[in-house]
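Notes to accompany the following structure.
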Amino acid sequence: MDLNPILTGLGGTPAPKANPAAEAAAGFADALRQAEMQAEAAVTSGADPHALVTAMAEGKLAIDTVVTIRDRVVEAYQEILRMPV
């Protein structure tokens, strides 16, 4: 339940919004943790191979996304450095 409208109406301070970058990092860590848990379960107890493949694909997608974002940030930084002052 979102209490921000209630707190604002009562003159209280609304709760701060979560940082989107922190949420993205947490989602990335969760995807990798899930892939690791599925891989461990597949090795130790013979878990569902389809779940393992799905978790590994999600982990790869998460890593690819982070690498792409990093590359774009570095590219933007280099572009800023090339700007005349």
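The values are calculated or read from the model by the stated rules, or taken from the named source; none is laboratory data. Note that the structure is a prediction, hence the values are computed from the model and not measured. For neighbour counting, all protein chains shown are included, and Cβ atoms are generated from backbone atoms with ideal geometry for every residue, glycine included. Protein only, heavy atoms only, side chains kept; ligands, DNA and RNA dropped before computing areas. Shrake-Rupley method; radii C 1.70, N 1.55, O 1.52, S 1.80 Å.
With respect to the stated conditions, Ala15 is at pLDDT below 85, part of a loop (DSSP other than H, G, I, E, B), on the phi < 0 side of the Ramachandran plot and not charged (D, E, K, R).
Can you name the residue in region 30-85 that is outside any helix (DSSP H, G or I) and at pLDDT 85 or above and is also farthest from Pro20 (Cα to Cα) among such residues? Don't jump to the end; show me each part of the working.
Residues of region 30-85 that are outside any helix (DSSP H, G or I), as a first pass: 46-48, 83-85.
Next, only the ones that are at pLDDT 85 or above stay: 83-84.
Details: Met83: 29, Pro84: 32 Å.
Once the filter is applied, the top-ranked residue is Pro84.
When restricted to residues that are surrounded by 13 or more Cβ atoms within 10 Å (Cβ to Cβ) and more than 16 Å from the chain's Cα centre (by Cα), region 47-85 contains 4.
A Cβ distance below 7 Å, combined with a sequence gap of six or more or placement on separate chains, defines the contacts here; from region 29-46, residues that are open to solvent by less than 80 Å² (accessible area, probe 1.4 Å) reach residues that are of a type in the set (A, V, I, L, M) and not in a helix (DSSP H, G or I) in the pairs Gln38/Ala47; Ala41/Ala47.
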